[in-house]
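Trainee: This is the structure, below, for whatever I ask next.
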Amino acid sequence: MSSAVATCWAHSRHRVLLPVVFLAPAILFLLSAPSSLPFFTLPAAREESRVIWAQRRAVEWRPCGWWRTAMPAPSRRNGYIRIDCYGGLNQLRRDLCDGVAVARLLNATMVLPKFEVAAYWNESSGFADVFDVDYFIEQTRGYVEVVKDMPEEIASKEPFKVDCSKRKGHFDYVETVLPALLEHYYISLTPAISQRRDRNPSYAKASYCQGCYSALRLNMKVEIKAIELLQAIPKPFLSLHLRFEPDMVAYSRCVYTGLSSKSLNAIEAARGEDRKALTGDAAYLWRNRGKCPLTPSETAFMLKALGIPTDTNIYLAAGDGLMELEGFTSIYKNIYTKSSLLAHEDFERMHGNTKAALDYYVSVNSDAYVATFFGNMDKMVTAMRTMQGLQKTLVLSRRAYANYTAAGLAGEQLAKAMWDAHREEYIMGKGSALPEQCFCDFKL
């Protein structure tokens with residue numbers, strides 16, 4: 001561990017939220033003199049007002065005040081519940097957030113969650129390998145009871161399994177899961193992937209918000225590595241979550257032209273029997289609904305249209321296997337990644353969840369964040385940036401790009417259309433795409 005990182009950690013023992021460290025530069029920027037240029041100033045050939053971050057917002061998202069005060073549960077509990085989370089780090093977080101709400105809804109004591117990771121993710125780390133367990137327990141106190149250990153007579157038994165992952169539509173945990181909890185007293189629950197959180201009572205919603213956005217921070221070991229990575233990136237910088245991996249494209253069922261044979265072969269290999277590409281009218285309608293991932297070259301085009309200078313320092317928050325990356329790096333050349341900034345030995349030893357945690361941390365603390373696909377990581381990053389008042393956050397519109405290109409726009413016409421569409425969303429606070437009940441819009 002370098003002395004600089006150790007010193008930084010020593011002065012951050014009283015952190016309030018997971019990604020608070022290194023906010024000072026952003027705060028100093030926000031408080032700088034009005035005469036100073038905005039972040040990402042444009043070359044002299046273009047007007048300053050044409051940079052997206054310079055647009056004056058009419059509405060901003062901010063955390064609602066109603067859930068910041070705990071709503072204590074009854075002292076008598078109905079039993080113990082362990083949340084079984086599946087997938088990569090960001091899918092695990094999604095299940096964990098829902099699990100906190102379910103535990104409160106069922107008036108259950110929550111046991112530390114179990115991370116069940118599929119072989120696809122090549123992962124073996126658990127909750128404590130990534131997150132600060134004691135902080136999680138402390139921050140959820142008053143919302144839901146969380147324990148590390150259970151009484152021996154209960155811990156010695158396997159929990160009764162309740163799998164709700166495939167349930168959809170109007171799904172009631174009280175009607176469906178509570179009887180099993182009352183009968184067996186200790187259950188393991190896999191939350192439903194698709195559910196209506198807005199129908200929960202206020203105390204369950206408050207527990208969800210607190211558990212998801214105030215109670216999760218990285219453990220000491222992972223955060224020290226995240227700080228080291230953040231320090232290594234030239235400032236100011238934009239974090240870009242670019243998604244154009246073979247499995248991502250295969251899952252979308254979209255067809256692309258102009259890709260290399262290597263990329264096309266990789267996509268075909270990832271498709272399998274249940275991911276056949278759409279054709280004809282179905283493919284046209286699917287793309288126009290914004291369901292197709294942006295290619296790196298399309299992403300570069302959109303960033304230029306939004307006034308992001310080509311000499312911007314860009315941290316690429318992405319996993320392995322990005323295709324067609326030269327379509328982006330041929331335009332934006334100041335690119336930084338985990339693998340290029342961390343020692344090779346360090347990087348090779350990391351679990352997949354640790355790598356994802358580093359991307360998350362850097363993205364939350366970046367000067368600006370742009371997502372090309374509003375997935376689980378993007379939802380968490382935009383939410384945490386909103387918690388901290390960091391508003392230079394934007395989700396690129398795949399729907400707008402598809403609609404305008406389908407209408408025949410290209411070149412400067414397409415660039416102007418992209419500017420107009422994203423400027424409107426950014427001004428009205430929609431660029432950060434926060435759907436949760438935990439955040440309220442605030443008119444400026």
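Trainee: Output the residue which, of all residues in region 352-375 that are among the polar types (S, T, N, Q) and under 23 Å from L303 (Cβ atoms), is nearest to the chain's Cα centre (by Cα).
Mentor: Taking region 352-375 and keeping what is among the polar types (S, T, N, Q), we get 353-354, 363, 365-366, 372.
In the following step, the residues that additionally are under 23 Å from L303 (Cβ atoms) were identified as 363, 365-366, 372.
On the way: S363: 9, N365: 13, S366: 13, T372: 12 Å.
In this case the residue turns out to be S363.
Trainee: Can you list residue pairs whose Cβ atoms sit under 8 Å apart, with the first residue in region 355-374 being modelled with pLDDT of 95 or more and the second being assigned to a helix (DSSP H, G or I) and hydroxyl-bearing (S, T, Y)? Count only pairs 6 or more apart in sequence or on different chains.
Mentor: The qualifying pairs are Y369/S363; Y369/T382; A371/T382; T372/T299.
For (1) part of a helix (DSSP H, G or I); (2) closer than 17 Å to R57 by Cβ; (3) in contact (Cβ under 8 Å) with a residue 12 or more places away in the chain; (4) open to solvent by 20 Å² or more (accessible area, probe 1.4 Å), each residue gets a yes or a no:
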residue	(1), (2), (3), (4)
A400	yes, no, yes, no
L409	no, no, no, yes
Q413	yes, no, no, yes
D420	yes, yes, no, yes
R423	yes, yes, yes, yes
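Trainee: Would you mention how many residues in region 152-187 are of a type in the set (G, A, S) and touching a Phe, Trp or Tyr at 6+ places or on another chain (Cβ under 7 Å)? Break it down stepwise before answering.
Mentor: Initially, region 152-187 is screened for residues of a type in the set (G, A, S), giving 155-156, 165, 169, 180.
With the extra rule that they be touching a Phe, Trp or Tyr at 6+ places or on another chain (Cβ under 7 Å), the set shrinks to 180.
Final tally of qualifying residues: 1.
Trainee: Give the residues of region 335-387 that are open to solvent by 20 Å² or more (accessible area, probe 1.4 Å) and assigned to a strand (DSSP E or B), sorted by residue number.
Mentor: I335, Y336
Trainee: Within region 69-80, identify whether any single residue is surrounded by fewer than 20 Cβ atoms within 10 Å (Cβ to Cβ), at negative phi and not in a loop (DSSP other than H, G, I, E, B), and answer yes or no.
Mentor: No, that holds for no residue.
Trainee: Looking at region 140-158 only, could you name the residues that are out of contact with any helix residue (DSSP H, G or I) (no Cβ under 7 Å at 6 or more places or on another chain), of a type outside the set (D, E, K, R), in contact (Cβ under 8 Å) with a residue 12 or more places away in the chain and outside any strand (DSSP E or B)?
Mentor: Across region 140-158, the qualifying residues are G142, M150, I154.
Trainee: Could you grab the pairs with beta carbons closer than 8 Å, sequence gap of 6+ or different chains, first residue in region 159-183 and of a type in the set (S, T, Y), second one modelled with pLDDT under 95 and exposed (fewer than 13 other Cβ atoms within 10 Å of the Cβ)?
Mentor: Pairs found: none.
Trainee: Right, another one. Would you check if S202 is under 14 Å from A101 (Cα atoms) and open to solvent by 10 Å² or more (accessible area, probe 1.4 Å)? Spell out how you get there, then give the answer.
Mentor: Working: under 14 Å from A101 (Cα atoms): yes; open to solvent by 10 Å² or more (accessible area, probe 1.4 Å): yes.
When the stated conditions are applied, S202 passes them.
Trainee: Could you please find all residues in region 269-293 being free of Cβ contacts under 8 Å to residues at least 12 places away in the same chain, of a type outside the set (A, V, I, L, M) and not in a loop (DSSP other than H, G, I, E, B)? Outline the logic, then answer.
Mentor: First pass over region 269-293, keeping only residues free of Cβ contacts under 8 Å to residues at least 12 places away in the same chain: 273-274, 280-282, 285.
Those still in the list that are of a type outside the set (A, V, I, L, M) too: 273-274, 280-281.
Listed by number, the residues that qualify are G280, D281.
Trainee: Let me ask you something else. When you go through I331, I308 one by one, which is the residue that is part of a loop (DSSP other than H, G, I, E, B), in contact with a strand residue (DSSP E or B) (Cβ under 8 Å, 6 or more places away or on another chain) and either at pLDDT below 95 or farther than 22 Å from V222 by Cα (or both)?
Mentor: Numbers: I331 fails: in contact with a strand residue (DSSP E or B) (Cβ under 8 Å, 6 or more places away or on another chain).
The conditions single out I308.
Trainee: All but one of (1) assigned to a loop (DSSP other than H, G, I, E, B); (2) open to solvent by 40 Å² or more (accessible area, probe 1.4 Å) hold for E228; state the number of the condition that does not hold.
Mentor: The one condition E228 does not meet is (1).
Trainee: For region 313-334, which positions are open to solvent by less than 40 Å² (accessible area, probe 1.4 Å) and free of Cβ contacts under 8 Å to residues at least 40 places away in the same chain?
Mentor: The answer is G327, Y332.
Trainee: Counting only residues that are open to solvent by less than 40 Å² (accessible area, probe 1.4 Å), modelled with pLDDT under 95 and among the β-branched types (V, I, T), how many does region 178-199 have?
Mentor: Final tally of qualifying residues: 1.
Trainee: Please go through region 147-177 and pick out each residue that is open to solvent by 50 Å² or more (accessible area, probe 1.4 Å) and of a type in the set (F, W, Y).
Mentor: Hit for region 147-177 is F160, nothing else.
Trainee: Check S252, S239 and return the single one that is crowded, with 16+ Cβ neighbours inside 10 Å, free of Cβ contacts under 8 Å to residues at least 60 places away in the same chain, closer than 22 Å to S297 by Cβ and within 21 Å of the chain's Cα centre (by Cα).
Mentor: The match here is S252.
Trainee: Out of the residues in region 255-268 that are assigned to a loop (DSSP other than H, G, I, E, B) and of a type in the set (S, T, N, Q), state the one that is least open to solvent (accessible area, probe 1.4 Å).
Mentor: Kept after step one, since they are assigned to a loop (DSSP other than H, G, I, E, B), are these residues of region 255-268: 255-260.
Those left that are additionally of a type in the set (S, T, N, Q): 257, 260.
Working: T257: 129, S260: 46 Å².
Only one residue fits best here, namely S260.
The values are calculated or read from the model by the stated rules, or taken from the named source; none is laboratory data. All of these numbers come straight from a predicted model, not from anything done at the bench. Every residue, glycine among them, receives a Cβ derived from its backbone with ideal geometry; neighbour counts consider all protein chains shown. Protein only, heavy atoms only, side chains kept; ligands, DNA and RNA dropped before computing areas. Shrake-Rupley method; radii C 1.70, N 1.55, O 1.52, S 1.80 Å.
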